[in-house]
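The values are calculated or read from the model by the stated rules, or taken from the named source; none is laboratory data. Remember, it's a predicted structure, so these values are computed and weren't measured experimentally. Virtual Cβ from ideal backbone geometry, glycine too; neighbours counted across all protein chains shown.
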Amino acid sequence: MSSTGQPALERTEVAPPARPPHSHRDVGGRIFASTASAAGTMILVTLAAVAVFLVVRAWPAMTATPQELTEGIQWFPEGTTLLGFIGPMLFGTVLAAVIALVIAVPLSIGIALFISHYAPRRAVPALGYLVDLLAAIPSVVYGLWGVAWLAPRLLPAWQWLAEHLGFIPLFSGPAGDPPRVIMTVGVVLAVMVLPIITAVAREVFLQTPRLHEEAALALGATRWEMIRMAVLPFGRSGLVSAAMLGLGRALGETMAVLMILSPGFTYSFALLRAGRHQTIAADIANQFPEANPLGVSALIAAGLALFVITLVVNMAARWVVARRSEYSGAN
């Protein structure tokens, strides 16, 4: 009974309508989840399949003695182990890629900052298109440009470095003439990876929270101070990812290096001398057409080494990015 003497109305709860056990929405969600899981699994399976293929095909060379390698492979250095054959090429590969990154990363950051924060709005689409267009040029075109046009024009600069800075081991002379040296290769690789790094860096800089930029400007910061305090710290992990993408392109480049570099198999930091360095990808392209089965196995072993170093570099990059993952636009 209520306080007014009237019988209280009983409250009845109406249960929500039961959802069909297999609605169209649920079916679509399950299909999408299964497709995404299959795609992710396919990446792992493909990576594992490549690794197994490289190990299996490289095994005959990995288990052969230096004498068997020398007798079975015409171009194999006499009395050299497989590691002694791969080591100098791996050194040259990493050296060329590092030179390319040292040149390309600062230029890419500058270009990306200009496009995202300094260029007139009307010019931004055209500049972005030109940068993206550089990435579409085939590597063989870069090789022809490097050996026929760029190398002769770099020769005076390399000779000047060898003459005036030759006391530094990196620039010890005499400079190669023609300059088919690792330094020329590094410059060409820098031009090749520059559009990749620039495109990623530009998109990262554009994602900087507008509130951060306006707050820095409101505190009296100049445009450069705003970029240094707000834009660059926010985009640090993205810049690392961009540099690693460029490094992956530089490590695996083949035709441009093959067309420019005068090969050699030594551990040398002399960047201006010819006949000192070689990269794994260029050597595989050069020797593979005429290699016998054991020679193919040795080249695949070199490819396995390149596969491992690329995997290690990308894992290190992911670790660096993960350390910055807690930084977001909200903190």
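Summed over the range 71-90, the residues that are surrounded by fewer than 16 Cβ atoms within 10 Å (Cβ to Cβ) and either without any contact (Cβ under 8 Å) to a residue 40 or more places away in the chain or of a type in the set (Ser, Thr, Tyr) (or both) give a count of 6. Which residues, counting only those in the range 178-212, are surrounded by 21 or more Cβ atoms within 10 Å (Cβ to Cβ) and of a type in the set (D, E, K, R)? Correct list: Arg202 only. Remark: pairs (first residue in the range 263-289, within 21 Å of Thr310 (Cα to Cα) and in contact (Cβ under 8 Å) with a residue 40 or more places away in the chain; second residue aromatic (Phe, Trp, Tyr) and buried (at least 16 other Cβ atoms within 10 Å of the Cβ); Cβ separation under 7 Å; 6+ apart in sequence or on different chains) = Tyr267/Phe91; Gln278/Phe265.
Does Thr93 qualify as being within 29 Å of the chain's Cα centre (by Cα), surrounded by 16 or more Cβ atoms within 10 Å (Cβ to Cβ) and polar (S, T, N, Q)? When the stated conditions are applied, Thr93 passes them. Per this entry, Met315 is counted among residues that are surrounded by fewer than 21 Cβ atoms within 10 Å (Cβ to Cβ), free of Cβ contacts under 8 Å to residues at least 40 places away in the same chain and under 17 Å from the mean Cα position of the chain (by Cα). In this structure, Phe269 qualifies as among the aromatic types (Phe, Trp, Tyr) and not in a helix (DSSP H, G or I).
Just so you know, in the range 224-254 the residues that are free of Cβ contacts under 8 Å to residues at least 40 places away in the same chain and over 16 Å from Ala112 (Cα atoms) include one that is surrounded by the most Cβ atoms within 10 Å (Cβ to Cβ), and it is Met229. Screening the candidates Ala175, Ala221 for the property of being small (Gly, Ala, Ser), in a loop (DSSP other than H, G, I, E, B) and surrounded by fewer than 18 Cβ atoms within 10 Å (Cβ to Cβ) yields one hit, Ala221.
On the stretch given as the range 136-172, residues that are among the β-branched types (Val, Ile, Thr) and buried (at least 19 other Cβ atoms within 10 Å of the Cβ) total 1. Restricting attention to the range 62-80, the residues that are hydrophobic (A, V, I, L, M, F, W, C), in a helix (DSSP H, G or I) and under 21 Å from Gly264 (Cα atoms) add up to 1. Against the numbered list (1) touching a Leu at 6+ places or on another chain (Cβ under 7 Å); (2) on the phi > 0 side of the Ramachandran plot, Gly275 comes up short only at (1). The residue list Leu83, Leu134 contains one member that is part of a helix (DSSP H, G or I), more than 27 Å from Tyr267 (Cα to Cα), modelled with pLDDT under 95 and within 28 Å of the chain's Cα centre (by Cα), which is Leu134.
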